[in-house]
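Engineer: I'd like to ask you about the structure that follows.
The values are calculated or read from the model by the stated rules, or taken from the named source; none is laboratory data. Everything numeric here is computed off the predicted structure, so don't read it as measured data. Cβ coordinates were reconstructed from backbone atoms using ideal geometry, including for glycine residues, and neighbour counts include every protein chain displayed. Calculation scope for accessible area: heavy atoms of the full protein, side chains included, ligands and nucleic acids excluded. Shrake-Rupley method; radii C 1.70, N 1.55, O 1.52, S 1.80 Å.
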Amino acid sequence: MIPDNSSRLKFKIESEDKRSSARACTFTTLHNTVQTPVFMPVATLAVLRSQDTTSVEELGFPVLLANTYHLLLRPGTDVFTKFGGIHRFMNWNKSILTDSGGFQVFSLSKDVKITEDGAVFRSYYDGKKILLSPETSIRTQRIINSDIMMAMDQCIPSTSEESLCKNAADITARWAERSLTARGDSPQSMFGIVQGACFPGLRRSSVNQITSLPFDGFAIGGLAVGESEDERKDMTEMTASLLPRNFPRYLMGVGTPIDLLEAVYRGVDMFDCILPTAMAQQGVAYTSHGRMELRRGIYKFQDRPLDDSCTCPACSRYSRAYLHHLTKTAEYYGGNLIGIHNLTFYRNLMSTMREHILNGTFSSFYSVEKEKLMLDDDEHPVTPPRKKKKIGLPSLGDYEIVRQDAGFHSIRHISSGEVMHSVTDPLVEANTLYINQSDIRRMLESIDENELVIWDVGLGAGTNAMAAIFECEKIYSETGFKKGVRIISFEKDLDSLKLAAKNPSLFNHVRHPAPSSILKNGSWKSMSPDIEWILIEGDFLDQIENAPQPHCIFYDPFSLHTDSPLWNYDIFKRIFDHCINRPVKLFTYSGSTMVRGALLAAGFYTGAGAATGPKTETTAAFSSPEVKNPEIELLGSEWLQKFFRSSSKFSSKNSKEENSFIEQKIINHPQFKNKTGNDIHGK
Ligand SMILES: [Zn+2]
């Protein structure tokens with residue numbers, strides 16, 4: 001059961017992005033109001049490495065994180081008792097979040113003994129034996145007097161075997177209850193932590209256990225401890241989607257700027273990480289040019305700011321050459337300056353993401369920013385990007401991922417050499433060709449039935465179907481249509497979608513629960529309103545008459561060259577006949593004379609569709625003039641002349657008789673008669 005949000009944090013959602021799970025929220029602690037997404041710099045020992053509290057406060061960070069484990073050992077709870085807590089002790093007037101200490105005990109201590117009670121370890125400081133239990137952790141956090149306390153959890157390497165991970169998740173749930181009891185009547189907030197490593201089932205049950213307790217927020221723990229980047233993204237996405245909507249979500253210990261962008265995209269609100277200050281001490285800067293390593297000789301003589309788009313003290317006062325020098329000589333001030341810069345970069349990234357979420361422009365920002373954040377110094381890359389990016393892109397079965405010069409990724413069918421969406425970004429092409437032309441909103445308004453049916457012939461990597469789902473989600477979020485949409489995809493080889501789904505960092509459209517559901521269950525359904533996606537596996541030729549009649553068809557199988565049976569007269573005639581009682585529109589990327597001829601012969605009113613990339617013409621076909629898009633002009637006498645002149649207007653497999661039959665059908669198509677009933681082709 002999900003508890004009411006009668007939390008101590010007065011959590012509010014201000015805006016949710018329509019095309020991702022990103023959201024902008026606020027909550028109020030005992031000290032201040034916090035706007036999310038928020039990054040919390042790490043002040044391990046009540047100090048940020050090489051930084052003073054005043055500068056960090058001036059940068060506008062509303063929360064710092066301090067480590068209970070370290071503070072328990074030094075200075076110890078007596079000092080905090082004397083000062084009434086950490087705020088006055090370190091002269092910080094904004095919020096503090098303390099972790100439980102559990103993570104450090106498990107990762108830093110030797111001879112740790114874990115029992116149901118807690119963890120017994122030896123202090124690295126004076127060798128004393130210490131018991132860290134939910135009760136002692138919370139007692140310490142109460143004395144530190146942080147704004148947000150973390151329940152004690154058991155974090156183990158995310159690569160551990162499932163039974164160990166299950167035990168850790170179960171003990172975490174029992175410790176969560178004990179932590180809440182130990183809070184007593186303290187006004188401090190407390191977050192529960194979800195464990196479960198990279199096992200979806202364990203994550204799910206851990207979410208159920210932890211969210212049934214009256215916490216003020218929930219953290220995703222047990223990541224950034226050994227798993228791969230993709231596993232981390234998947235687990236973050238899955239766990240965030242299971243957490244209750246009206247509580248803050250905190251991804252612990254993550255991460256690099258790109259990690260933050262990816263996790264915000266997946267619905268996370270809060271982050272902490274030592275990277276901006278810790279990496280600064282090694283001379284690593286995060287900049288609008290990408291990640292820069294200032295110890296490299298290339299910067300020795302550079303008389304220009306570290307990042308010309310930054311106004312921090314390091315960038316406004318000093319040259320790259322000077323920062324390079326400070327790094328090489330390991331001067332304290334180098335870590336301070338680069339640290340200030342990195343913190344500024346993180347703060348700007350968070351506030352920019354927030355602005356875009358509030359303005360409804362987050363998804364386009366996300367696609368552009370992602371490319372930027374993955375760069376090494378773009379002017380002086382450590383390894384030439386061409387070499388780096390061409391090596392080792394994943395493949396599956398007869399498909400491989402290829403990177404296009406324009407910067408996006410496509411999927412290539414290895415045996416035919418055909419690349420799906422080779423010139424234009426797959427989602428852009430799907431929108432141009434299928435989504436914009438089909439105009440789902442207008443179809444929903446005009447159909448008599450309660451459900452709009454779309455056929456997606458040639459599922460491929462799922463781009464067209466997902467573009468349709470994104471469009472429907474947008475329509476439903478803006479209007480209150482009562483009608484449903486059912487998208488039916490036809491495909492015989494799912495490897496291409498599987499490959500895209502395994503590489504969400506390269507394909508935006510698979511960052512949604514639908515693709516994994518369609519791969520697993522053959523279907524996906526939105527909660528509400530009613531968008532349904534169904535997969536019909538097998539050869540399209542065998543399925544046509546069994547599938548529900550469509551209102552609209554995205555016709556996107558492999559080309560004539562690779563899959564010729566899908567482009568001939570017979571197949572278009574079968575589609576036309578199947579839709580006899582329901583006018584249908586068909587859009588396809590092919591603009592070939594033969595395909596247009598086959599569509600006309602089958603009975604379709606046929607015209608030139610939208611241009612995409614280098615293709616000036618694609619094809620749009622309508623089973624009846626009533627459903628024709630007003631902006632689309634049907635082919636006229638000029639095209640017909642071209643058809644007669646063409647040497648490749650018929651399939652090479654056709655007999656002479658078949659060809660003349662098709663030609664007669666085309667000549668007699670009503671589309672080529674003018675209003676008075678005369679032929680306009682003049683033959
Ligand atoms: Zn700077």
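Engineer: Condition first: more than 22 Å from Val63 (Cα to Cα), hydroxyl-bearing (Ser, Thr, Tyr) and within 16 Å of the ligand (Cβ to nearest atom). Can you find one or more residues in segment 273-296 that meet it?
Structural biologist: Checked against the condition, which is being more than 22 Å from Val63 (Cα to Cα), hydroxyl-bearing (Ser, Thr, Tyr) and within 16 Å of the ligand (Cβ to nearest atom), segment 273-296 yields at least one hit.
Engineer: With the requirement that a residue be open to solvent by 30 Å² or more (accessible area, probe 1.4 Å) and among the hydrophobic types (A, V, I, L, M, F, W, C), what does segment 403-414 give you? So that I can check it myself, show each step before the final result.
Structural biologist: Looking only at segment 403-414, we keep the residues that are open to solvent by 30 Å² or more (accessible area, probe 1.4 Å), and these are 403-406, 412, 414.
Of everything in segment 403-414, those that are open to solvent by 30 Å² or more (accessible area, probe 1.4 Å) and among the hydrophobic types (A, V, I, L, M, F, W, C) turn out to be Ala406, Ile414.
Engineer: Moving on to the next point. Checking Arg204 against (1) closer than 19 Å to Phe103 by Cα; (2) open to solvent by 60 Å² or more (accessible area, probe 1.4 Å); (3) under 29 Å from the mean Cα position of the chain (by Cα), which single condition isn't satisfied?
Structural biologist: Of everything listed in (1) closer than 19 Å to Phe103 by Cα; (2) open to solvent by 60 Å² or more (accessible area, probe 1.4 Å); (3) under 29 Å from the mean Cα position of the chain (by Cα), Arg204 misses just condition (1).
Engineer: Could you please give the count of residues in segment 241-279 that are more than 19 Å from the chain's Cα centre (by Cα) and among the polar types (S, T, N, Q)?
Structural biologist: Matching residues across segment 241-279 total 2.
Engineer: Is it the case that Asn67 is surrounded by fewer than 16 Cβ atoms within 10 Å (Cβ to Cβ) and touching a strand residue (DSSP E or B) at 6+ places or on another chain (Cβ under 8 Å)? Talk me through it step by step, then tell me what you get.
Structural biologist: On the way: surrounded by fewer than 16 Cβ atoms within 10 Å (Cβ to Cβ): no; touching a strand residue (DSSP E or B) at 6+ places or on another chain (Cβ under 8 Å): yes.
Taking the combined requirement at face value, the residue does not satisfy it.
Engineer: Pairs only if they're at least six apart or on different chains, beta carbon under 6 angstrom, first in segment 79-102 and closer than 25 Å to Leu251 by Cα, second part of a loop (DSSP other than H, G, I, E, B) and of a type in the set (Val, Ile, Thr); list them, first residue then second.
Structural biologist: Sorted first by the residue in segment 79-102, then by its partner, the pairs are Ser95/Thr29.
Okay, residues lined up against (1) at pLDDT below 95; (2) open to solvent by 10 Å² or more (accessible area, probe 1.4 Å); (3) touching a Leu at 6+ places or on another chain (Cβ under 9 Å):
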site	(1), (2), (3)
Ile114	yes, yes, no
Tyr125	yes, yes, yes
Leu180	no, yes, yes
Met190	no, no, yes
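Engineer: Can you work out which of the residues in segment 345-372 that are within 16 Å of the ligand (Cβ to nearest atom) and touching a helix residue (DSSP H, G or I) at 6+ places or on another chain (Cβ under 6 Å) is nearest to Tyr265 (Cα to Cα)?
Structural biologist: The extreme case among them is Leu349.
Engineer: Name the pairs whose Cβ atoms lie under 8 Å apart, with the first residue in segment 597-615 and at pLDDT 90 or above, the second open to solvent by 10 Å² or more (accessible area, probe 1.4 Å) and in a strand (DSSP E or B), and 6 or more positions between them or separate chains?
Structural biologist: Cβ pairs passing all conditions: Tyr605/Leu634; Thr606/Leu634; Gly607/Leu634.
Engineer: Further, regarding this structure: Would you mind finding the one in Ile435, Ile454 that is modelled with pLDDT of 85 or more, touching a helix residue (DSSP H, G or I) at 6+ places or on another chain (Cβ under 7 Å) and closer than 20 Å to Asn508 by Cβ? Full working, then the answer.
Structural biologist: Working: Ile454 fails: closer than 20 Å to Asn508 by Cβ.
The conditions single out Ile435.
Engineer: Any residue in segment 488-510 that is free of Cβ contacts under 8 Å to residues at least 12 places away in the same chain and surrounded by fewer than 19 Cβ atoms within 10 Å (Cβ to Cβ)?
Structural biologist: Within segment 488-510, the first condition is being free of Cβ contacts under 8 Å to residues at least 12 places away in the same chain, and the residues that meet it are none.
No; the residues of segment 488-510 include none that is free of Cβ contacts under 8 Å to residues at least 12 places away in the same chain and surrounded by fewer than 19 Cβ atoms within 10 Å (Cβ to Cβ).
Engineer: From the residues in segment 317-344 that are more than 14 Å from the ligand (Cβ to nearest atom) and outside any helix (DSSP H, G or I), which one is farthest from Ala263 (Cα to Cα)?
Structural biologist: Here the answer is Thr329.
Engineer: Among (1) at pLDDT below 95; (2) touching a strand residue (DSSP E or B) at 6+ places or on another chain (Cβ under 7 Å); (3) within 16 Å of the ligand (Cβ to nearest atom), where does Ser309 come up short?
Structural biologist: So the condition that Ser309 fails would be (2).
Engineer: Moving on to the next point. With the structure loaded, tell me whether Phe365 is under 15 Å from Ala280 (Cβ atoms), open to solvent by 20 Å² or more (accessible area, probe 1.4 Å), assigned to a helix (DSSP H, G or I) and not hydroxyl-bearing (Ser, Thr, Tyr) or whether it fails that test. Before you say what the answer is, go through the steps one by one.
Structural biologist: Numbers: under 15 Å from Ala280 (Cβ atoms): no; open to solvent by 20 Å² or more (accessible area, probe 1.4 Å): yes; assigned to a helix (DSSP H, G or I): yes; not hydroxyl-bearing (Ser, Thr, Tyr): yes.
So Phe365 fails the test.
Engineer: Glu116 is checked against (1) of a type in the set (D, E, K, R); (2) closer than 26 Å to Phe27 by Cα; (3) assigned to a loop (DSSP other than H, G, I, E, B) and fails just one. What number does that condition carry?
Structural biologist: Status for Glu116: all satisfied but (2).
Engineer: Hey, another quick one. Does Gly217 count as open to solvent by less than 20 Å² (accessible area, probe 1.4 Å), within 16 Å of the ligand (Cβ to nearest atom), small (Gly, Ala, Ser) and within 27 Å of the chain's Cα centre (by Cα)?
Structural biologist: no
Engineer: Something else now. Pairs only if they're at least six apart or on different chains, beta carbon under 7 angstrom, first in segment 314-339 and within 20 Å of His289 (Cβ to Cβ), second open to solvent by 20 Å² or more (accessible area, probe 1.4 Å) and part of a helix (DSSP H, G or I); list them, first residue then second.
Structural biologist: Every condition considered, the pairs that remain are Leu326/Tyr333; Leu337/Pro313.
Engineer: Does segment 280-299 hold any residues that are open to solvent by 10 Å² or more (accessible area, probe 1.4 Å) and at pLDDT 95 or above, and which are they?
Structural biologist: Applying the first criterion (open to solvent by 10 Å² or more (accessible area, probe 1.4 Å)) to segment 280-299 yields 281-282, 286, 288-289, 291, 293, 295-298.
Tyr286 - this is the single residue of segment 280-299 that is open to solvent by 10 Å² or more (accessible area, probe 1.4 Å) and at pLDDT 95 or above.
Engineer: Still on this structure: All but one of (1) surrounded by 16 or more Cβ atoms within 10 Å (Cβ to Cβ); (2) part of a helix (DSSP H, G or I) hold for Gly460; state the number of the condition that does not hold.
Structural biologist: Answer for Gly460: the failing condition is (2).
Engineer: Does Ser107 satisfy the criteria of being under 24 Å from Ile193 (Cα atoms) and assigned to a helix (DSSP H, G or I)? Give the derivation first.
Structural biologist: Numbers: under 24 Å from Ile193 (Cα atoms): yes; assigned to a helix (DSSP H, G or I): yes.
Answer is yes for this residue.
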